[in-house]
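What follows is calculated from the coordinates using simple rules that are stated; it is not laboratory data. No experiment lies behind these values; they were computed from the predicted model shown. Please note: Cβ atoms are built from the backbone with ideal geometry, for glycine as well, and neighbour counts cover all protein chains shown.
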Amino acid sequence: MKKPPAYWNKAKRILSKRDPVLRKIINKFNKGYLTSRKDPFFSLCRTIIGQQISTKAADSIWLKFEMKCKKKIVPKTVLKLTSSSLKTVGLSRQKITYL
């Protein structure tokens with residue numbers, strides 16, 4: 001098993017201290033940790049696109065988004081995309097503002 005990210009243990013302590021529900025979950029699943037698929041920006045984009053829609057719809061939009069970005073999901077590439085371009089891949093106005 002890989003090592004957890006550097007921030008992981010500190011984050012668990014803070015969350016456990018502040019939230020009793022999360023404390024129980026953290027204690028129950030203490031050995032695991034979350035990982036991102038690639039870099040944090042990539043994961044953030046993937047999460048925003050997938051929120052509150054079906055997996056199938058999210059996958060479809062993601063593929064179109066990747067094509068618009070020419071498979072380079074980095075801030076510089078995403079910032080170059082216009083709102084109308086992002087709408088054509090199926091993103092809502094609200095999700096476009098998040099990206």
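What's the magnitude of the charge dipole for the chain around its Cα centre, counting Lys and Arg as +1 and Asp and Glu as -1 at the beta-carbon? Answer in Debye, nearest 20. Working shown, then result.
Values: 25 positive and 4 negative charges, 74 e Å.
Result for the chain is approximately 360 debye, rounded to the nearest 20.
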Report the extension gain between Ala57 and Phe29 in nm, rounded to one decimal, defined as 0.36 nm multiplied by the number of residues separating them, less their alpha carbon distance.
-> 7.0 nm
Might you report the magnitude of the Cβ-based charge dipole of the range 40-98 about its Cα centre, with Lys and Arg at +1 and Asp and Glu at -1, to the nearest 20 debye?
-> 220
State the answer as a single residue: which of Cys45, Thr77, Pro5 lies farthest towards the positive end of the charge dipole of the chain, with beta carbon charges of +1 for Lys and Arg and -1 for Asp and Glu, about the Cα centre.
-> Pro5
Hey, can you rank 71-80, 40-49, 53-62 by average C-beta count inside 10 Å, highest first?
-> 40-49, 53-62, 71-80
Taking the dipole of the chain about the Cα centre (Lys, Arg +1; Asp, Glu -1; charges at Cβ), the one of Gly32, Gln94, Ser54 that reaches farthest to the positive side is Gly32
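Suppose only helical runs count, i.e. DSSP H with n ≥ 4. What mean residue ellipticity at 222 nm does that imply for the chain under -39500 (n - 2.57) per run, divided by all residues and rounded to the nearest 500 deg cm²/dmol? Numbers along the way, then the final one.
Numbers: 7 runs with 63 residues, N = 99.
Roughly -18000 deg cm²/dmol at 222 nm, from the helical runs in the chain.
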By a straight-distance test (C-alpha under 26 Å), which lysines pair with Lys71 as possible cross-link partners, with residues fewer than eight away in the same chain excluded?
-> Lys38, Lys56, Lys80, Lys87, Lys95
